[in-house]
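The block underneath contains the structure these notes are about, expressed in structure tokens.
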Amino acid sequence: PSGVNQARDLLIRLRALDPQGRITDHGREIARAGVHPRLAHMIFEARQWGLGALACRLAALLENRDILDPGRFDFDPDIRLRLEILEQMERDPGKRPLGGVKAGPAAQVMKTEGLLQKRMSLKPGDLDMHSAGRLLALAFPERIAKKRSDLSYVMASGTGAFFKGPGSLSQTDLVVAARVDGNPRNARIFLAAPYGVESLETDFRDRIRTEEILDWDQDKLRVRAVSRRTYGRLVLEESSRAKPDPEKVKSVLIKGIRMMGINRLPWHPRAESLRHRILFLKNRAGMGSLPDLSDQALAKELEQWLGPFLDGIRSMEKLRQVDLFSALSTLLTWEEQQQVEKNAPTHIRVPSGSRIALKYTLGRDILDSPVLAVRLQEMFGLTKTPRVCGVPVTIHLLSPAGRPVQITRDLENFWKTTYQEVKKDLKGRYPKHYWPDNPLDAVPTRRVKPRK
């Protein structure tokens with residue numbers, strides 16, 4: 001079935017069948033021609049352009065074996081080279097063929113050409129070899145190929161194609177691949193001719209499409225908005241669009257964010273803290289009615305909470321302008337916002353009087369307890385570990401240089417058991433600082449020594 005469908009599509013492109021699959025008058029002419037439908041179509045169309053003789057010679061070349069011997073000749077797939085050789089042989093029939101030219105196949109090509117001219121009621125005429133590409137494009141419209149690298153091309157069908165080595169065609173931007181091998185992904189080109197974009201615009205104007213493209217550029221991390229003119233799978237022209245549809249841009253941007261992952265959003269500390277505080281209350285403090293702000297939930301609901309804040313944003317870089325704190329806050333009612341502020345404070349006041357930030361950090365499965373990073377001397381006199389919604393705070397006790405010297409959730413036990421060893425070490429490194437023997441009776445301080 002797939003082969004039948006491909007054949008039907010080709011005959012429709014050649015106008016041998018109408019879109020409903022019924023034979024046309026042109027198709028009946030092709031059926032009587034006695035050559036492949038591609039070549040018959042090319043000859044009939046070329047006849048109207050006054051290029052019928054050239055079309056017959058091209059058809060004869062493609063109906064027979066190649067006249068050049070690839071074993072002896074520096075093989076060049078340019079079909080115009082064959083046309084030049086045949087023209088020389090026709091002008092001087094008694095002259096011995098050039099080395100590498102196979103006399104038998106060349107004679108057969110000229111015989112086939114004569115039969116085609118007679119059958120099509122055409123007379124020999126001038127052969128404008130520069131028109132070879134235009135005629136071959138009529139026969140092989142899906143094999144018009146655009147250069148993508150040194151020897152590599154892509155055809156209008158979407159299939160790759162390549163020249164085995166450099167030659168007269170390998171520097172040409174657009175060619176028509178008339179004879180290729182059967183590789184369905186990347187076919188080797190054996191015979192081809194150059195083709196111009198201007199000719200393509202003229203010959204296939206009804207098949208050239210203009211489309212507006214909006215997609216996510218994964219390399220540049222931005223929404224790409226372009227206007228593109230195409231022939232089949234070939235991109236003929238592409239230009240940026242200055243004012244694409246804002247809603248479509250937003251939709252593509254959200255798609256891009258989902259592809260990258262929620263963690264790639266510019267989570268500023270305030271927004272990240274709000275999210276972690278809510279997750280802490282929901283997962284550790286029994287407030288299950290609060291909204292789910294997990295990666296999966298936020299990714300699923302991007303349109304609702306982030307979409308209204310994306311007006312005018314087209315790239316990851318511009319996303320830095322978005323207030324994620326405000327965006328997340330829209331998921332909470334006023335009452336829920338008050339609950340969060342009351343039950344998951346951002347700061348704790350310690351014995352020294354300092355107001356120290358709490359950090360709500362992600363654990364393996366759920367949020368771990370909040371972390372309080374504070375200099376050890378500021379906690380003198382405090383025996384009970386601070387709690388948030390009944391959960392003990394994880395205290396990172398810091399040296400005067402701000403480096404952790406002890407991590408504990410049981411402050412009272414630390415003073416009784418470990419403090420003396422820690423004090424001995426710190427006193428040796430920071431002799432000018434205050435290191436009392438009894439931390440429970442000592443005055444807390446944020447200075448080197450407490451005020452008298």
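So for segment 399-421 (the condition being under 50 Å from the mean Cα position of the chain (by Cα), basic (Lys, Arg) and part of a strand (DSSP E or B)), does at least one residue qualify? There is no residue in segment 399-421 that is under 50 Å from the mean Cα position of the chain (by Cα), basic (Lys, Arg) and part of a strand (DSSP E or B). The number of residues in segment 21-74 being more than 18 Å from Leu138 (Cα to Cα), open to solvent by 70 Å² or more (accessible area, probe 1.4 Å) and either over 44 Å from the mean Cα position of the chain (by Cα) or aliphatic (A, V, I, L, M) (or both) comes to 3.
So for segment 284-294 (the condition being open to solvent by 70 Å² or more (accessible area, probe 1.4 Å), outside any loop (DSSP other than H, G, I, E, B) and touching a helix residue (DSSP H, G or I) at 6+ places or on another chain (Cβ under 8 Å)), does at least one residue qualify? No, because not a single residue in segment 284-294 is open to solvent by 70 Å² or more (accessible area, probe 1.4 Å), outside any loop (DSSP other than H, G, I, E, B) and touching a helix residue (DSSP H, G or I) at 6+ places or on another chain (Cβ under 8 Å).
The residue that is surrounded by the fewest Cβ atoms within 10 Å (Cβ to Cβ), among those in segment 181-226 that are farther than 30 Å from Gly312 by Cβ and among the polar types (S, T, N, Q), is Thr202. With respect to (1) open to solvent by less than 30 Å² (accessible area, probe 1.4 Å); (2) within 19 Å of Lys123 (Cβ to Cβ); (3) not β-branched (Val, Ile, Thr), the lone exception for Ala16 is condition (2).
Count, please, the residues in segment 6-20 that happen to be in a loop (DSSP other than H, G, I, E, B) and closer than 15 Å to Ala137 by Cβ. Reasoning before the result, please.
To start, the set of residues in segment 6-20 that are in a loop (DSSP other than H, G, I, E, B) comprises 14-16, 18-20.
Applying the additional criterion that residues be closer than 15 Å to Ala137 by Cβ yields 14-15.
The qualifying residues number 2.
Close contacts from segment 423-452, counting a first residue that is under 17 Å from Gln406 (Cβ atoms) and a second that is of a type in the set (Phe, Trp, Tyr), with Cβ to Cβ under 6 Å and a gap of 6+ residues or different chains, come to Lys423/Trp435; Lys427/Trp435; Pro439/Phe380; Pro439/Trp415; Pro439/Tyr419; Leu440/Trp415; Ala442/Phe380; Pro444/Phe380.
Hey, any hits in segment 304-326 for a residue that's over 28 Å from the mean Cα position of the chain (by Cα) and within 30 Å of Gly390 (Cα to Cα)?
Checking segment 304-326: at least one residue is over 28 Å from the mean Cα position of the chain (by Cα) and within 30 Å of Gly390 (Cα to Cα).
Of all the residues in segment 149-162, those that are over 29 Å from Leu11 (Cβ atoms), modelled with pLDDT of 95 or more and either out of contact with any strand residue (DSSP E or B) (no Cβ under 6 Å at 6 or more places or on another chain) or in a loop (DSSP other than H, G, I, E, B) (or both) number 0.
With Ala132, Ala178, Ala145 as the choices, which residue is in contact (Cβ under 8 Å) with a residue 12 or more places away in the chain, of a type in the set (A, V, I, L, M, F, W, C), in a helix (DSSP H, G or I) and buried (at least 17 other Cβ atoms within 10 Å of the Cβ)?
Values: Ala178 fails: in a helix (DSSP H, G or I); Ala145 fails: in a helix (DSSP H, G or I).
Among Ala132, Ala178, Ala145, only Ala132 is in contact (Cβ under 8 Å) with a residue 12 or more places away in the chain, of a type in the set (A, V, I, L, M, F, W, C), in a helix (DSSP H, G or I) and buried (at least 17 other Cβ atoms within 10 Å of the Cβ).
The values are calculated or read from the model by the stated rules, or taken from the named source; none is laboratory data. The structure displayed is predicted, hence computed values, not measured ones. All Cβ positions, glycine included, derive from the backbone under ideal geometry; neighbour counts span all protein chains shown. Only protein heavy atoms, including side chains, enter the accessible area calculation; ligands, DNA and RNA are left aside. Shrake-Rupley method; radii C 1.70, N 1.55, O 1.52, S 1.80 Å.
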